[in-house]
Amino acid sequence: MFKKISLFFILVSLTCKTVLAEEGMLIPSVITAFESDMKAMGMKLSASDIYDVNHASIKDAIIHFGGGCTAELVSGHGLLLTNHHCGYSQIQSHSSLEKDYLKNGFWAKNYSEELANPGLTASRMVRIDDVTKAVLFGVNPTDDPTARMTTIRKNVAQLVKDATTGTHYEAEIKPFNYGNDYYIIVKEIFKDVRLVGTPPNSIGKFGGDTDNWVWPRHTGDFSVFRVYAGKDNKPADYSSDNVPYTPIHYLPISFVDRKVGDFTMVYGFPGVTEQHLVSSHIKYIVEKERPARILMREKSLSVINAAMRSSDEVRIKYSAKQASIANAYKKWIGQIGGLKELGAVDVKLQYEKNYMDMANSKPEWKEKYGSVIASMNKLIEESSNADFDYAMGVEYIYYGPEYFDLAEGLNDIMMNYEKYETSKELSSKLETMIKGGEGFFKNYDANVDKGIFALLTDEYVKQTSKQIVANKSLTDVIYSSSIFTNKERFITFVKGFTKDSIEVVLKDPGFTHWEKCFTNFQGNVIPKSRQLNTKMGDLLKIYVEGKYVMFPKEKHWADANSTLRITYGKLEGSAPTDGMKYVEHTTTEGILQKYNTGNVDFDLLPNLLEMYKKKDFGAYAQEGKLWVCFTGSNHTTGGNSGSPVLDKNGYLMGLNFDRSWESTMSDYMFDPSRCRNIVVDIRYVLWVMDKYSGAKHLVDEMTLMKEHKFLFFKKSKEYKVL
């Protein structure tokens, strides 16, 4: 009886609209439909203030940072804020033993000191339009899949051409709801993005792996960049002649005191959610796929963490890599725990029963939707091994031994040698390979890679039963003699590369091992995985259509797919476990408490420790204390890192950077009682810039709003303090 009652209340909490937390990642162009609901929760903005293609709106300040994170413009001179961990690879690339920006931080005093980052982009969304009818024009449902796809691709190409011809914009069309809908995203991509400042790791990564995905949090997870443009204010490749970008809109800073229940809105680029997976799929993820991936990453981290603790040189080389591997590792552990705690499989089973009951209520529904759930569950039961082999291949080939990257790069030159030689591209390809090799070995340690290779190869064989041999003898040979595991061997070899060199590579022990793994992955694993995904995608299209048709009054939203989305909720704490209640914010007092535990993840630089003790918080304090982080009931996921968290007026309250451990299951199932996003308070960010780092000139670029008055003027593009 108790389990049935608990399940009932879980189902109610997931569907009830009276709770403060709001599930869903909303497409900005349809935000008008949610305007009244958002205003009822305290918002003072209009839908057109949030998204407007004809006038400046908040969307014009939201930036897709590097294609994987979110950032926001905060000044009229292109100043950009994002998370420390989003800019970490750039920070690491500029660091060395002589200039240890990871440990000590970095702040440019003027434009000339700001650091270029080749390949880094910042994209502004110009507009997002529903083009479903145009994409599907001429598509006959009775045609074979190939014919349908040919027509869709032709329509997509024409729509993209029409949207970009005569402009400097780029565009793409993405399917939503598994192809039930299509949207075109037109964007302006800036290619000159420079590092302006970063706090030291003892602020930006305070808490390390210990605190990752955990509340309470005290991490100043921010970094500062600037967008540059040509003198016409349009995107341009890096040039010393470029000037700071003048944005259409930038975010003012909210300097009003916070309180529980304040309206919060997150505006960003969430990566991937999978809310529609059926019960057997969730069961497979919880019981098999995630545990295996966790184990693979645990083995890599055991090698990397030990090496980083023993050497500052290795610490600098592997900081960004370790953070990337560890982030997903800990997230997945929390995901499994949350899904189990929520009884996700049982919740899915109950929903599937409701879906089937509704489908069976009408003959036309039964014909179209009556068997789709059974088909999806059967497909997972019969074909999940294809997905599992793919997951293990990704973990081994792309997150395992690093030298694999060089082998893949040189393999491209070998496979296309005659074509490159004929087209006279060979020398440029080899030069690119040499340049890439220089960068690769700058952040590479053969002993670390060797340790990872040994552990992961054994585990990969156990998990997949692949017939690859990597005993200790082969491991020693690869790391003592392969051209791919030593800088001098690799650079010298590529510089002297000829057609005869191909035979040498084919006999190289490191290449031979990589090729065997990669060929199997490309030739056998990926095709089977794609076949599974294609079949599942076709079924999900029908399944999701059934939700919209049979349950029109339910709140539906398209899964996240790295496109611009809006979520809204409240500033509030949570009580995710029995006997535990989390308050909604943390202060610098908690930093000192954690420092006193002696855990190395809570180390502080001496001058920073003194600053915290001094408590010189000035205007950045609230009731004498400096807020560091706070939580909100906004539905977020990966990609939302760096997203602005906005108050009721559209002012910047802070930067989203994480979720609580109890929330990581929201990629599959959102629970309003426990899911919380974690935010670094913008007042703490500015205190670090101003008081600790001496970068007040950056704070002076921004517009600080201390009044509780609505001051958004989209036509004049100006802010005034009344």
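Derivation of every value follows stated rules applied to the coordinates shown; laboratory data play no part. The structure presented is a predicted model; accordingly, all values stated were derived computationally and were not measured. Neighbour counts run over all protein chains shown; Cβ positions are idealised from the backbone, glycine included.
Here the range 11-160 is treated as a Stokes sphere of Kirkwood radius computed over C-alpha pairs; at 37 °C and 0.692 mPa s its diffusion coefficient rounds to 163 µm²/s. Computed extension length for SER375-LYS706: 113.5 nm, one decimal, from 0.36 nm per residue of separation with the Cα-Cα distance subtracted.
As a proxy for reagent exposure, ranking VAL583, VAL131, VAL600 by other Cβ atoms within 10 Å from fewest up yields VAL600, VAL583, VAL131.
With a ≥ b ≥ c taken as the square roots of the eigenvalues of the C-alpha gyration tensor of the range 476-540, please select rounded if a/c is under 1.5 and otherwise prolate if a/b is larger than b/c or oblate if it is not? It comes out prolate by the Cα gyration axes.
Averaging 1/r over every pair of different alpha carbons in the range 538-618 and inverting the result gives a Kirkwood radius of 18.3 Å.
Highest average first, the peptides 243-256, 622-635 ordered by how many other beta carbon atoms sit within 10 Å of their residues are 622-635, 243-256. Summing charges over neighbours of VAL448, with a neighbour being any other residue whose Cβ is under 13 Å away from its Cβ, gives +2 when K and R count +1 and D and E count -1.
Peptide packing: for 428-440, 340-352, the average count of neighbouring Cβ atoms within 10 Å per residue gives the ranking 340-352, 428-440, highest mean first.
If you wrap the tightest convex hull around every Cα atom of the range 124-190 and split its volume per residue, you get 83 Å³. Within the same chain, aspartates and glutamates fewer than 8 places from LYS133 are excluded, and of the rest, those with a Cα less than 13 Å from its Cα are ASP181.
In this simple spin-label model, placing a label point 7 Å from the Cα along the Cα-to-Cβ direction at both GLU113 and SER480 gives a separation of 4.9 nm. Counting every other Cβ atom within 10 Å of each residue's Cβ, LEU455, LEU79, LEU506, LEU646 order from fewest to most as LEU506, LEU455, LEU79, LEU646. Beta bridges from DSSP with both residues in the chain: antiparallel share about 95 percent, rounded to the nearest 5.
Taking a ≥ b ≥ c as the square roots of the eigenvalues of the Cα gyration tensor, an a/c ratio of 1.5 or more together with a/b no larger than b/c marks the range 62-118 as oblate. Treating each Cα of the chain as an identical point scatterer and summing with the Debye formula, the log10 of I(q)/I(0) at q = 0.10 Å⁻¹ comes to -1.12. When peptides 223-231, 536-544 are ranked by their average number of other Cβ atoms within 10 Å per residue, the highest-first order is 223-231, 536-544. One chain, two ends: SER48 and THR246. Fully extended at 0.36 nm per residue, the span grows by 69.1 nm beyond their Cα-Cα distance. The alpha carbons of the range 461-590 give a radius of gyration and a Dmax of 26.6, 70 Å, in that order.
Applying 1/(1 + (r/R0)^6) with r as the Cβ-Cβ distance of PHE137 and ILE434 and R0 = 60 angstrom yields a FRET efficiency of 0.80.
In this structure, the residue pairs whose Cα-Cα separation is over 21 Å, taken from LYS331/LYS472; LYS288/LYS378; LYS59/LYS330, are LYS331/LYS472; LYS59/LYS330. In this Cβ point-charge picture (+1 for Lys and Arg, -1 for Asp and Glu), the range 279-549 has a dipole of about 540 debye about its Cα centre. Within the shell defined by Cβ-Cβ distances under 12 Å, the residues around MET611 carry a net charge of +1, with Lys and Arg each +1 and Asp and Glu each -1.
Remark: the range 444-454, residue by residue, has Karplus-estimated 3J(HN,Hα) of 10, 10, 4, 5, 5, 4, 4, x, 5, 4, 4 Hz, where x stands for each Gly or Pro and the curve is 6.51 cos²θ - 1.76 cosθ + 1.60 at θ = phi - 60°. Once you list every other residue whose beta carbon is under 11 Å from the beta carbon of ASP262, what net charge do they have if Lys and Arg are +1 and Asp and Glu are -1? The answer is 0.
Assuming a ≥ b ≥ c are the square roots of the Cα gyration tensor eigenvalues, decide whether the range 203-277 counts as rounded (a/c under 1.5), prolate (otherwise, with a/b larger than b/c) or oblate.
Prolate shape, in that a/c is at least 1.5 and a/b is the bigger ratio.
Here, the range 279-549 is characterised by an Rg to Rh ratio of 1.08, where Rg is the alpha-carbon radius of gyration and Rh the Kirkwood radius.
Between ASP603 and SER310, the modelled labels are 1.7 nm apart [label points 7 Å from Cα along Cα→Cβ].
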